[in-house]
Every structure is written in C-alpha cells, then in structure tokens.
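Working notes, structure below.
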Amino acid sequence: MYKRQVLDRRADSELGFGKIDWRPTERDSFSFSFNYLRWISPNGIQTQAVLNNGNGVGNNANSTVRTRYGRISWTTIPSSTVVNEVRYGWFKDRLFDDVAESLIPAATGRIQLSVQGQNNLGVADAYPRLNPSENKHQIADNLTWTIGKHTWKFGGDFVNAKDYNDILRNRNGTYSYANFTNFALDFSGNTAGGKRWQSFSQRFGNPIAVTTIRDYSFYAQDQFRMTKNLTINYGIRYEYSNFSQPKVVNPDYPQTGRIPTYGKNWAPRIGLAYAMNNNKTVVRAGYGMFYARYPGGMINTFFLENGVYQKQISLNGAIATDVAAGPVFPAILAGIDRNPPAGTVDVTFAAPDMRNPYTQQGDLGIEHELTRNIGLTVSYLWSRGAQLFTVRDLNIGPLGAPVTYRINDTAGNQAGSYTTDTYRLANRVDTRWRRVNQVENGGRTYYDGLVVQMRKRFSAGWDGSVAYTWSHAIDFNQGGGNNNIFFSGGPNSMYNGNYANDKSSSALDQRHRFVGTAIFTPTFTKKTDWASKYLINNWQMSNIVTLGSSFAQTPTIFVSGNPFAGAALNTSLNGFGTSTRVPFLQANSLDIGLQRRWDARITKIIPITERFQTFLNFEAFNVLNTSIFSFVNGQAFSAANGVLTPTARLGEAMASQGFPDGTANRRAQVSVRLVF
C-alpha cells in the first residue's frame, strides 16, 4: 500500500540580457553583452512530477542559483586577408541549497536513514551547501589568414576558475538498518541503549575549500582547397591545466599533497570532403583527439577527502569496536573528530601518474542528392575513450577464501548457487584507515553508430526529415552524474582494480532510434484580403515523432547485515562494499521500456507590418500520452544468512521523468512570440 503525499514546490526565474554592438570604423567592431539569472525554487532540488522512492522528502532541498556573465569582444580586419578577434569573458555562478524546515522530522531531526534497502527515510545529507561560488575569467584570441587556397586559423585562450565551496556532507549522520525489525527495536522503547544498526557514518572537519584551476590552450589549423572538388582540414590543439595544491596534507600519505598535471595533451585533427557526380555526391571523413578537463568536483575531493581536512567516519555494525564507538539511535557523534577509531576513515588522492582522459573520434559519411529537394546521408560514427577516471582501494588487501551462496527461487527452493572470492578485514593493509582510494585512469568507452538520414527541403508547402540510428555504447559500468564528477565515494567496480570485469553495454546505450520531423506551411488561398491574411492563411504545423529502443539499468542485490563472517565491508557479496550489481548478471541488462513520443505545434502568424509579426503558438508534448519510463525497480535479489532470495516486482516501473519540467506525461502550453 502506497501513501500519496503532495509537496508544495515552485520555481521562480528572473532572466535578463543586454547587448551593445559598436562599429567605430569599417574595419573594427566591438560587442558588449551581459546575462543575468536568478533562480529560486523551494523544494526544487527534485524536479520530477512524481516520485515513489522517497526522494521528494528525504533527498530534497530548496534550490537557489544566481548567475552573472559578461562578454567583450573586438573584431578587426587589418587587411583583406586577415581577420582577428580578441575577447574577454567573465562568469559568476553561486549555487546554495538547504533543506526546508518542513521536511525535517521532529522525531529524528536532520539525520539520514536507510532501512532494508529503502533510502531517503530521513533528511538529505548534503545540505546546507554552497557548491560552488565560482568566479571565472577568460581571455581568448583567434586569427584567420587567407593565402591562396589556404585558410589558416590560429588561436589560444586562458581561463582562470576559482571556486569557493562550503560543504560538509553527512555532517548530521546516516544510519543504515538491515531490516525493519532492528530499526523498530532501536526507534522505540530502546531503554537499554541497544545498537542494532548495520552501519553508521558521520563527517567532521572544515567545510570551506577554495580551489583554482587555470587552463591554457592554443591551436593551429588549415583549410586547404586542394582541388575544385577536394577540401582538406587539418590542425592540432594543445591543452594544459594547472591546479592549486592542497595545503593540508595527510602525514601517513604524502600523495594527498599533490594533484599531478600532464603536459602532453596534443590533439591532432584531420578531415576531408570530396565532391563528385557534378557535386550531387559528397564524401566526408574525419578523425580527431579530444581531451577532457579535470572536473572541478574532483579537485575539490582531493582537498576535502584526505582523511585530515574532513573525516568521514564509517562504523560497521559487525565490528564490536565500531559498535562500541557508535551512537544510540537517533543520536550522532560528537567530540571524536580528531581521534576517530582506527580503520573508520577513508583517504582519497590522485595517482602519481594521473592524466587527462581523452577520446579518439572518427566518422565517414556519404551525402547524395536524390532529387532537387531530397537528400540522403549515410554516416558511420566511431569513438573510443581511454584513460577515464576510476578508483582503486589500495587498502583492501588481496582476495581471500571463497564463499558460496545458495540461490532460491520464488517458492524458497534452491535453484542454484554462486561462489565468489572474498575481501576480508584481516587482509587490510593499513589498519589505521578504512579505505585508501587512489583515483587513476582505468576506464574505457566504446561507441559505434550508423546513421541514415533523408531530408526534404521546403517545397510544395512542407519540409521534413527522417533519421534512423543504430548504435552500441559500451563502457566499464562507469555510470553517470556524480560518479564521474566527484570520485568521493570510493570504488565502483565489482573487484578492486579489475575494471574490465564490469565491461557491458553503457547506461546511455540506446540501440535503435528513429526521429521524423515535418513542418507544414499551407497556402489555402492566393487572395490577399483581410480574411485570407489573418484567418485563412499564415498557419504552420510542426511535428516530431521519436521512437527508440529501451535504455537499461543494472539489476542490483541488497545485502542484509554482514555478507559473511570477517567481511571487510558489508554491502556486497564479496565483502568489497562497492558495486551492488548482481555479480552473475551483466550491468545494464534490465530494460526500462520503449521510447515512443509525438510532439506537435500549431502556429498562427499574424503580420502586423512588413517587419513586425506576432506568432501565436499552441504546443503539445507527448500528444498520445504514451508511458515513457526513466526508472524501474532494479532490485533482483536480497541476501541474508548466505541465501539469495528473488525480489518481487523486478522491472516494475517506478519513475517517469522528463525534461524540462520533470515529467514525460502529456503537457500542453500556449505562447506568444513577437518578431521584429
């Protein structure tokens, strides 16, 4: 039985934009622009229209965003063959969020709570937070020089980004219980001060961190018209980043005082276009390398997560010394932030040879004009990502003796077994610390795609296109979102450092996708009288149809209590305490559901004068209101006392989230646009 709860939420946005263009001479022009945004959204961290996982209350907060950015550019033409642009940009962004008082339970306060795999029963643990207040400056210059058949381009830019962060995640503590019975015993009538929690964690330390990233880059490229039919583009780009270094260093691990930089980020690029068949057929090909920046969130992690600046104390309910040091529900710890129990705090730092991830990308396409108004394009897309960031635990120690689990069917009969090597507390390398996390470059991605597109240019009152894409995206189950920004939660792999063991279709993999568009602008009459002009003609109808195969998510297992005696950690079958993937099922093997959607717009154009028109729009999104799911129940098994039991309702739809207003359900809106 589900209980419906309605939460008040709104979003207030103020936007402003100003621009001045000035041309003092025929050869010089200046442009000045400024943007302003103020976003206030009570209970707006969660944007979905409907939630059934507790996020609306237990993982929500008031969202505020304040953004300002300005740009100044000067374009000059020194000669008939040279154009130069120099520009300066300034960007200021401030994001502050905190939990509304109405979402804080009177009985438990601001603690976070998880019971039997059900999260978000308390209060979101990341708030309050100022994350970040960022100040960024950019200076760039681009020069274009045409010499005969060559068009050369040279340029460079410098970016200085300074982030001020005020965040102490989990400052109010998080309790996790293996089952509701243990929670109930601790919650009510616990006069003896029992501690039946599966784990407890709490963070202490300095919430303020100031980081600076300076990015330098330059490039050179040439467009060479070798013949009338052949054009070649080739060039190279170089990028380098420099970081402020942590001033607080963990004496046990001096690596926490250095964030390495990599100075060999050279990225060559080449492309060509060859026209034939009287320019009705064009063959295009290209290849390039592209480097990724170090995420600012990861730099912030290296400052905060060194085991000294901030300390996340994690207590295991299966370890007697941890239980003795832990609190009685719903209290939290106080006074042990300087001397926590041994083996309860994590350390995170960068590998000494850490470098920027990069991708190699290529494409090959043929474009052919079938008729005067219809064109066909067939393209192959290829991408390989290398050196992606991953996390290894240097403290977990070697694998120990195997453990065998019984697998039951839904009737409780044994249907099989699963045996895994295990990580054990006795093998921990440095007993002073819990995890010693090293961020390194162990990830890879693979993408292959075939795209077929047919386009019809405007004629006979309509234009449109149809496109079909077959693609396959593969990675080492690196996930998305926070997993690839902060790297503060430890390893994500099933086995320590064995990233390829998790190789599977990506969470972003969609094997088939069809998109059809059509815009009709009919002329019902050639008359020009008032009725023809304002009622009969000047209508436009637009349609977009999207059909896609299912995205997928990873089937998971919930481990109740300690998986086996002597386990190093208690949330995975092998004692590694990281990935919750069912180890004998592939990642991202649970389909979410087909994607089917039709969006439509009807526009009435009212000509006021020759240069002034009014557009009245009625738009409907997902006209047929088809179900488009974004999340399903992914828990396939629960594990307790050495037995794996299937979970009911596996694959049942749980969320339908969509951009921009939180839902994929049918929506409609009206708008007025003035064009002059």
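Odds and ends about this structure:
- In summary, the lysines within cross-link reach of residue 456, defined as a Cα separation below 28 angstrom excluding same-chain residues under 8 places away, comprise 228, 280, 526, 527, 533, 604.
- Net charge of the neighbourhood of residue 31, taken over other residues with C-beta under 14 Å away and scored Lys/Arg +1, Asp/Glu -1, is +1.
- Cross-link reach is defined here as a Cα-Cα straight distance under 19 Å, omitting same-chain residues fewer than 8 places apart; for residue 19 the lysines meeting it are 92.
- Extension gain (nm, one decimal) between residue 236 and residue 5, 0.36 nm per residue minus Cα-Cα: 77.5 nm
- Multiplying the residue separation of residue 625 and residue 34 by 0.36 nm and removing their Cα-Cα distance gives an extension gain of 208.8 nm.
- Take residue 650: with every protein chain present and a 1.4 Å probe, its accessible area is about 80 Å².
- Sites excluded, GluC sites (Glu not before Pro) in DSSP loops with at most 16 other C-beta within 10 Å, longest stretch of the chain: 27-609
- Local electrostatic count, residue 293, Cβ distance below 10 Å [Lys/Arg +1, Asp/Glu -1]: -2
- Compared with the direct C-alpha span, the chain from residue 320 to residue 107 gains 73.9 nm at full extension, assuming 0.36 nm per residue.
- Per residue, the solvent-accessible area of the stretch 338-481 (1.4 Å probe, heavy atoms of protein chains only, all protein chains present) comes to 48 Å².
- Here residue 629 sits with roughly 80 square angstrom of accessible surface, probe radius 1.4 Å.
- Partner aspartates and glutamates for residue 136 [C-alpha distance under 12 Å; skip if fewer than 8 residues away on the same chain]: 93, 163, 215
- Within the accessible area of the chain (1.4 Å probe), percent carbon and sulfur: 57 percent
- Probe 1.4 Å - accessible area at residue 485, Å² to nearest ten: 70 Å²
- With both residues required to sit in the chain, DSSP beta bridges show an antiparallel share near 95%.
- Dividing the summed helix terms, -39500 (n - 2.57) for each DSSP H run of n ≥ 4, by the number of residues in the chain produces a 222 nm estimate of -1000 deg cm²/dmol to the nearest 500.
- Formal net charge of residues neighbouring residue 671 (Cβ-Cβ distance under 12 Å; K, R +1; D, E -1): +2
- At an R0 of 60 angstrom, the distance between the Cβ atoms of residue 55 and residue 533 translates into a FRET efficiency of 0.70.
The values are calculated or read from the model by the stated rules, or taken from the named source; none is laboratory data. Just so it is clear, the model here is predicted, and its values are computed rather than measured. Note that we place each Cβ from the backbone using ideal geometry, even for glycine, and neighbour counts take in every protein chain shown. Side chains included, ligands, DNA and RNA excluded: accessible areas come from the protein's heavy atoms. Shrake-Rupley method; radii C 1.70, N 1.55, O 1.52, S 1.80 Å.
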